[in-house]
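Working notes for the structure below.
The values are calculated or read from the model by the stated rules, or taken from the named source; none is laboratory data. All values derive from a computational prediction rather than experimental measurement. Heads up, the Cβs are rebuilt from the backbone with ideal geometry, glycines too, and the neighbour counts pull from every protein chain shown. For accessibility, only protein heavy atoms count, side chains too; no ligands or nucleic acids. Shrake-Rupley method; radii C 1.70, N 1.55, O 1.52, S 1.80 Å.
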Amino acid sequence: MKRIPEAEELMDQQDQALAYAEADFSASNTLFIELFEALHPGEFGGTALDLGCGPADIPIRFARRYPGAKIDALDGARAMLDLAQAAIDGNGMAQRIHLHCQHLPAAGLAQEYDALLSNSLLHHLNNPLDLWNTIEDCARPGATVLVMDLLRPESPRQVDELVAEYASDAPEVLRRDFQASLYAAYTLEEVRGQLAATSLQGLEVAQVSDRHLAVRGRLGGAP
Ligand SMILES: C[S@@+](CC[C@H](N)C(=O)[O-])C[C@H]1O[C@@H](n2cnc3c(N)ncnc32)[C@H](O)[C@@H]1O
């Protein structure tokens, strides 16, 4: 099935951001943390950068699971970041999670992070290298990378089935977002092709649920 890009990269409409923040993504966000735990079963006391953090549910879950971690979280949508800051403050995490309003490709993120995280951003990007090049620029040698996203179904019928299974009770704005996201998602082959143009080509690219793919592993260099 042909990819149909998202109409807008950013989720900067207040109603759209609020509907997203109020939705229950616990299944996929739990999966994200479990995938990172498989890479870091013990402690992780380094610095992490979450790209396209949205309402910051993943940084908050990450901070709870890894009490020694410090997290920078970036999104280009001010509407999302306002909700993210409220969630961070409400969870008493303001000392450990810092938000940055930046549009990828981001300039000036020179810090070398120990972990590069991103969930559900890749399919928003018309140029996926905006994500992969940012990861290359911000990762220290040996850093852990975990990028999870939707996987484009093979047919419109499969899209309808996934929307019916996972979003039938959701508000209309979220159902439309989910459907558009499935059409905009990349395939495993496309992601492998994107990575082939970068130094990240050693990362594993695999399907990790009926609707998700993950790109994960450690970068070459010192552990
Ligand atoms: C589907 S949400 C995912 C949010 C969060 N990672 C999660 O898993 O709940 C995608 C987020 O990426 C942000 N985004 C999309 N394109 C972006 C870009 N080029 N630069 C920065 N943020 C972007 C959107 O504003 C939105 O908040």
### Task
Mind listing the long-range amide H neighbours of V208? Cut-off is under 5 Å, sequence gap 5 or more, other chains count too, H placed in the peptide plane at 1.01 Å from N.
L213, A214
### Query
Given a 1.4 Å probe and every protein chain left where it sits, what share in percent of the accessible area of the chain is carbon and sulfur?
50 percent
### Query
Computed over the Cα atoms of the chain, what is the convex hull's projected area averaged over all directions, in nm²?
11.2 nm²
### Query
What are the residues whose amide H is under 5 Å from the amide H of A73, where those residues sit 5 or more places off or on another chain and H is modelled from the backbone?
D50, H98, L99, H100
### Summary
H212 neighbourhood, Cβ < 13 Å, K/R = +1, D/E = -1, net charge 0
### Query
Just for the Cα atoms in segment 43-117, what are the lengths along the principal axes, largest first, rounded to whole Å?
31, 28, 16
### Query
Accessible area per residue, 1.4 Å probe, Å², for segment 132-223: what's the number?
46 Å²
### Message
I need to check one value: relative contact order of the chain, counting alpha carbon pairs closer than 8 Å and at least 6 residues apart, in percent.
### Response
22 percent
#### Entry: Packing-based ranking, highest mean first, of 74-83, 148-157 given that Cβ atoms within 10 Å are counted
74-83, 148-157
### Message
Give me, ordered by chain and number, the residues 5 or more places off N119 or on other chains with an amide H under 5 Å from its own placed amide H.
### Response
L51, M148
### Message
Averaging the inverse of every distinct alpha carbon separation and then flipping it gives the Kirkwood radius. What is it for segment 106-173, in angstrom units?
### Response
14.4 Å
### Query
So what J values fall out for segment 122-139 if you push phi through Karplus, 6.51 cos²θ - 1.76 cosθ + 1.60 with θ = phi - 60°, rounded to Hz, Gly and Pro as x?
3, 5, 6, 8, 6, 10, x, 5, 4, 7, 5, 5, 5, 4, 4, 5, 9, 8
### Query
Just from the alpha-carbon atoms, what are the Rg and Dmax of segment 1-128 in angstroms?
14.4, 45
### Summary
Phi-derived 3J(HN,Hα) across segment 199-212 with the Karplus relation (6.51, -1.76, 1.60, θ = phi - 60°), rounded Hz, x for Gly and Pro, is 7, 9, 5, x, 6, 7, 10, 8, 6, 10, 7, 5, 9, 10
